[in-house]
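Notes for the one structure printed next.
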Amino acid sequence: MDKIEVKGMVFYGFHGNSEAEQEVGQRFIVDLEVSKDLAPAGRSDDLDDTVSYTDLYKAVKEIVEGPARKLLESVAADIADAVLKNFDVEAVRIAVRKPEAPIKGSILSHAGVEVVRHR
């Protein structure tokens, strides 16, 4: 199956299990990949035959910058559900990362989750 990718989206949100994370907030990095047959768009060169990167970005932004959730799993699941509900795609893969995960004494590039959902 063909794929559309929107990767490295950076947002500021208030998700996390601790009160500090929900009060101060932090950066979140999101990668989105959707599966869709892109042959019709390749032939027609018409946006109506594909999925707009801009619309995908806006859907992710609305959730990540929206109401606080305790778990990244919940953020990722909500994004996946919204994409499957609002876009003509066969599957979605979402990775949500916290580059400044508050893990005492840790040195790491990020903590995160990845979910995959199919129609």
Expected single match for in contact (Cβ under 8 Å) with a residue 12 or more places away in the chain, out of contact with any Leu (no Cβ under 8 Å at 6 or more places or on another chain) and either β-branched (V, I, T) or crowded, with 17+ Cβ neighbours inside 10 Å (or both) among V6, V51, V24, V34 is V51
Are any residues in region 85-117 touching a residue at least 12 places away in the same chain (Cβ under 8 Å) and either assigned to a loop (DSSP other than H, G, I, E, B) or hydroxyl-bearing (S, T, Y) (or both), and if so, which ones? F87, D88, V89, E90, P99, E100, P102, H110
Y57 vs. criteria within 11 Å of the chain's Cα centre (by Cα), surrounded by fewer than 19 Cβ atoms within 10 Å (Cβ to Cβ) and more than 18 Å from G112 (Cα to Cα): yes
Are any residues in region 38-75 assigned to a helix (DSSP H, G or I), closer than 15 Å to K98 by Cβ and among the acidic types (D, E), and if so, which ones? E73
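We did not get these values from a lab; they are worked out from the coordinates using the rules stated. Because the structure is predicted, anything quoted here is derived from the model rather than measured. For neighbour counting, all protein chains shown are included, and Cβ atoms are generated from backbone atoms with ideal geometry for every residue, glycine included.
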